[in-house]
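Structure first, then comments.
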Amino acid sequence: QVLLVESGGGLVQAGGSLRLSCTGSRITFSFVPMGWYRQAPGKQRELVAAISTGGSTNYADSVKGRFTISRDNAKNTVILQMNSLKPEDTAVYYCHVDKRGVDYWGKGTLVTVSS
């Protein structure tokens with residue numbers, strides 16, 4: 001069973017930064033595309049950022065220029081660097097991987113941005 005664990009969430013003031021990490025077991029991140037999603041209260045889960053096995057990235061329009069997704073294959077970790085945070089970024093952030101057609105999710109880490 002693949003296990004994904006997110007960390008790095010917390011409370012930050014608007015304009016601040018946070019760095020989220022996702023580590024995994026029973027999976028090699030370098031072999032699969034990875035993504036970060038978020039779900040705000042009362043809203044659907046949405047894709048925030050994704051990174052392919054080759055390192056190509058894509059972002060939701062709402063976070064372009066502020067968030068950066070990256071890999072550290074040696075540590076089997078995916079990072080989401082979040083800068084210039086806004087109150088509307090408040091959500092639970094989830095790490096996601098699709099391995100052979102099966103979706104795996106972490107339990108999420110809460111990010112709260114105060115105004």
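The values are calculated or read from the model by the stated rules, or taken from the named source; none is laboratory data. All figures in this text were calculated on a predicted structure; none of them were measured in a lab. Positions of Cβ are backbone-derived with ideal geometry, glycine not excepted, and every protein chain shown enters the neighbour counts. Remember, those area values only see protein heavy atoms, side chains included, never the ligands or the DNA or RNA. Shrake-Rupley method; radii C 1.70, N 1.55, O 1.52, S 1.80 Å.
Hey, does the stretch 56-72 have a residue that's at pLDDT below 95 and surrounded by fewer than 18 Cβ atoms within 10 Å (Cβ to Cβ)?
Yes, there is a match, as at least one residue in the stretch 56-72 is at pLDDT below 95 and surrounded by fewer than 18 Cβ atoms within 10 Å (Cβ to Cβ).
Taking the residues in the stretch 94-113 that are part of a loop (DSSP other than H, G, I, E, B) and out of contact with any Cys (no Cβ under 7 Å at 6 or more places or on another chain) as candidates, determine which candidate is surrounded by the most Cβ atoms within 10 Å (Cβ to Cβ). Here the answer is Gly108. Name the single residue that is most open to solvent (accessible area, probe 1.4 Å) among those in the stretch 1-11 being of a type outside the set (Ser, Thr, Tyr) and part of a strand (DSSP E or B). Among them, the one singled out is Leu11. In this structure, does Ser84 turn out to be modelled with pLDDT of 95 or more and either surrounded by fewer than 16 Cβ atoms within 10 Å (Cβ to Cβ) or not basic (Lys, Arg) (or both)? Answer is yes for this residue. Of Ala91, Ala50, Ala14, all but one fail to be of a type in the set (A, V, I, L, M, F, W, C) and open to solvent by 30 Å² or more (accessible area, probe 1.4 Å); the exception is Ala14. If the condition is being polar (S, T, N, Q) and surrounded by 13 or more Cβ atoms within 10 Å (Cβ to Cβ), then the stretch 17-29 contributes Ser21, Thr23. Residue count for the stretch 75-93, restricted to those that are assigned to a helix (DSSP H, G or I) and more than 14 Å from the chain's Cα centre (by Cα): 3.
Within the stretch 1-41, the residues that satisfy the criterion of being closer than 10 Å to Val78 by Cα and without any contact (Cβ under 8 Å) to a residue 60 or more places away in the chain are Ser21, Thr23, Ser30.
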